[in-house]
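Notes follow once the structure below has been shown.
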Amino acid sequence: MAIREILVLPDKRLYEVSKPVAEITAEIRTLVDDMYETMYDAPGIGLAAIQVGVPMRVVVTDCSPRDDEAEPLTLINPEILELTGDPVPYEEGCLSIPDYYDEVSRPPNARVRYMDLDGETHEIDVDGLLSTCIQHEVDHLDGKLFIDYLSAFKRSRVVSKFKKQARLRDKLAS
């Protein structure tokens, strides 16, 4: 297992649409292991493969409180089949947009179909934080960030801030 570098805004790869996984290979299993190690190290509660530069439809989550036993959930080729309930605001953050949080309203309940690492297909009903997390990560797979739900003004301020930070990093690196 290895900790992988997490792509950070304004990296254009974050807007790529991820491709479906055709079969569970040793490379996919290694990717999943690395994603868990990266997510826990960050620390975060969800991570999409595109966030570590791999445009495949793979998501890992663990919404358990840090002091509790881990509840990892691997979703390969996840599909949100149904969203229900009146949207509820939740303060979201993102490992690819470090130290920035804002409210996003999403439906509280979701029905999700996904494949596990054994190639078995499952359908589950999720709610609360796990529902929000899965919706956020599936957005990543579709090339969408949580800031895309904000007003144009807020979104442009966040993007500008991260572009400025990237220019500074590049200047210091050279």
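Things worth noting here:
- Lone unmet requirement of (1) of a type in the set (S, T, N, Q); (2) within 19 Å of Phe146 (Cβ to Cβ); (3) over 15 Å from the mean Cα position of the chain (by Cα) for Thr30: (2)
- Strands (runs of 3 or more DSSP E) enclosed by the stretch 1-114 - at least 1 residues per element that are surrounded by fewer than 14 Cβ atoms within 10 Å (Cβ to Cβ): 73-84, 88-94, 97-106
- Filtered by the rule that a residue be of a type in the set (Ser, Thr, Tyr) and over 19 Å from Gly143 (Cβ atoms), the stretch 18-57 gives Thr25, Thr30, Tyr36, Thr38, Tyr40.
- Subset tally (residues that are out of contact with any strand residue (DSSP E or B) (no Cβ under 8 Å at 6 or more places or on another chain) and either among the β-branched types (Val, Ile, Thr) or open to solvent by 70 Å² or more (accessible area, probe 1.4 Å) (or both)) for the stretch 145-154: 1
- Selection of the stretch 87-120 for residues being small (Gly, Ala, Ser) and within 17 Å of Met39 (Cβ to Cβ) yields Gly93, Ser96.
- Any chance Ile134 is within 30 Å of Thr25 (Cβ to Cβ) and buried (at least 17 other Cβ atoms within 10 Å of the Cβ): yes
- Scanning the stretch 17-48 for residues that are touching a residue at least 60 places away in the same chain (Cβ under 8 Å) and under 16 Å from Leu7 (Cβ atoms) yields Val17, Ser18, Gly46, Leu47, Ala48.
- Test for Asp170: is it modelled with pLDDT of 95 or more and out of contact with any Asp or Glu (no Cβ under 8 Å at 6 or more places or on another chain): no
- Contact map, the stretch 115-143: first residue part of a strand (DSSP E or B), second residue open to solvent by 40 Å² or more (accessible area, probe 1.4 Å) and of a type in the set (Lys, Arg), Cβ cut-off under 9 Å, separation 6 or more or different chains; pairs are Thr121/Arg113; His122/Arg113; Glu123/Arg111; Glu123/Arg113; Ile124/Arg111; Ile124/Arg113; Asp125/Arg111; Val126/Arg111.
The values are calculated or read from the model by the stated rules, or taken from the named source; none is laboratory data. In this text the structure is predicted, and so the values were computed from the model without any measurement. Quick reminder, even Gly has a Cβ in these numbers, built from the backbone with ideal geometry, and neighbours come from all protein chains shown. To get the accessible areas, we keep the full protein, side chains included, count just its heavy atoms, and leave off ligands, DNA and RNA. Shrake-Rupley method; radii C 1.70, N 1.55, O 1.52, S 1.80 Å.
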